[in-house]
1. Which one, Val124, Ile69, Ser26, projects farthest toward the positive side of the charge dipole computed for the range 3-206 from Cβ point charges (K/R +1, D/E -1)?
2. If you take the beta carbon distance between Asp94 and Gln272 as r and set R0 to 56 Å, what does 1/(1 + (r/R0)^6) give as a FRET efficiency, to the nearest 0.05?
3. What are the lysines whose alpha-carbon lies under 20 Å from the alpha-carbon of Lys413, with same-chain residues fewer than 8 places away excluded?
4. With a 10 Å radius around each residue's Cβ, average the other Cβ atoms per peptide and rank 337-345, 32-40, 196-204, highest first.
5. How far apart, in nm, are two points set 7 Å out from the Cα along the Cα-to-Cβ line at Ser394 and at Lys169?
6. Tyr282 versus Arg379, label points 7 Å from Cα toward the beta carbon: distance in nm?
7. Pairs of lysines 8 or more apart, or on different chains, with alpha carbons under 21 Å: count those in the range 102-175, would you?
8. Return the aspartates and glutamates within reach of Lys219: Cα separation strictly under 12 angstrom, same-chain partners fewer than 8 residues apart disregarded; answer none if there are no such residues.
Amino acid sequence: MQSKISTLKNGLRVITANFPQLESVSLGLWVKTGSAYEKPEVNGISHFLEHMSFKGTEKRTTKEISEAIEDVGGQSNAYTSREFTAYYAKMLKDDAELAADVLTDSIKNSTFPEEELIKEREVVVQEIKQSIDTPDDIIFDYFQEAAFPNQALGRSILGPAEKVRSFGKETLQNYLNTNYAAENMVACAVGKIDHDNFVKMIENRMGDFRSKTSFVPDKQNYVGGSFFEKRDIEQAHVMLGFKGVPYETESYYPCALFSTLFGGGMSSRLFQEIREKRGLVYSVYSFTASHTNDGVLGIYAGTGPDELKELLPVVVDEIKKVCNDLVSEKELRRAKTQLKASMLMSLESSSSTAEILARQMLIYNRIIPVEEMVERIERVTLEDIRQTAQSIFSSKPTYALLGAIDHRLEYDKIQDLLKA
């Protein structure tokens, strides 16, 4: 995969990767801002702005925005995460400029009409309620808050309903003015696309966009803690987590490989011991979430109320095993193969490739060659895995429970088991 990069005079990076065999192009704008960059009084504003960006501009109504893309058979969407907001589309190659025009117009020229504000506030409130009513969704928010208390990184991406209902045009415009600028934005197109043509498309529309952001990022500091909420449902949703790693660290790939072999698939330690051998769960896995200055490694399981007390000691036993050299070369080789395969297969999709390139530029200020990623995966050793496991599991745990939790182990007991 050959990518090209140009930088506009205002600092906005423009990236392309030409796949001449395709008839389509995936393109979009990625912004390095999200809930982790919000002040407490506007928690949820990043996500709400993403919604409102498609609700009318100086030259298009809400309906005209969606029709412009769908009239030519295209698809468009957007998302907000803790540190990124993305606006993207997939079109036939001849309609790439139309997509670029719609997306840049939606970001740059949104008018935030009052009638749309009123409707969209309630749409997002319904999204919040839906998340709260979905235990295996909302448990991740509760877990994040316990891991990063009193920090933007620990607050919900959607925000609380009362905050969302308070957002008006001025609040949206102020956030846009402070958190959206060329220096923290990337335009990327992957597919059948000419680089110089795409640069012109973006330059003509975003070349005069402000250069600098003016917000002050909040701290990112893993703390750890607990959260319990009893609900009258059939399962207990359990999360146990520890301090992970930020993006830019030598431990990034060892941590990803460790999570893969520990709980990343059906052959992983957790799945084999907890589901296949003991039948305690239907779903169990581990994951890593890296951020700019910190990160977390988490373990999730959904189990019955009678199995809850047995589950966590088994998880802790598996943690102790991996901290004491009980990982084989075969396991590490399997994890390396899984991680490389996942990465390489994702690059077969133009949409996934655009996402990867844009995020790499926003995180590392460069595109990381595939060969370099493979080499960094390959050079991880069993000793790296052992040290990574010991470092992660020596941190204070984060323990979150939701649902049928009468038979739970208390937080102090979990700490004692980990220390024993």
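Values quoted throughout were computed directly from the atomic coordinates according to the rules given, and no laboratory measurement underlies them. Note that the coordinates shown come from a computational prediction; the quantities given were computed from them, not determined experimentally. Glycine also receives a Cβ, built like all others from the backbone with ideal geometry; neighbour counts cover every protein chain displayed.
1. Looking along the dipole axis, the top candidate is Ser26.
2. Numbers: r = 50 Å, r/R0 = 0.90.
The calculated FRET efficiency here is 0.65.
3. Lys230, Lys243, Lys309, Lys320, Lys321, Lys396
4. The densest-packed peptide leads the list: 32-40, 196-204, 337-345.
5. 5.7
6. Placing both labels 7 Å along Cα→Cβ, they lie 4.4 nm apart.
7. Values: Lys108/Lys169; Lys119/Lys129; Lys119/Lys163; Lys119/Lys169; Lys129/Lys163.
Summing the qualifying lysine pairs gives 5.
8. List returned: Glu38, Asp294.
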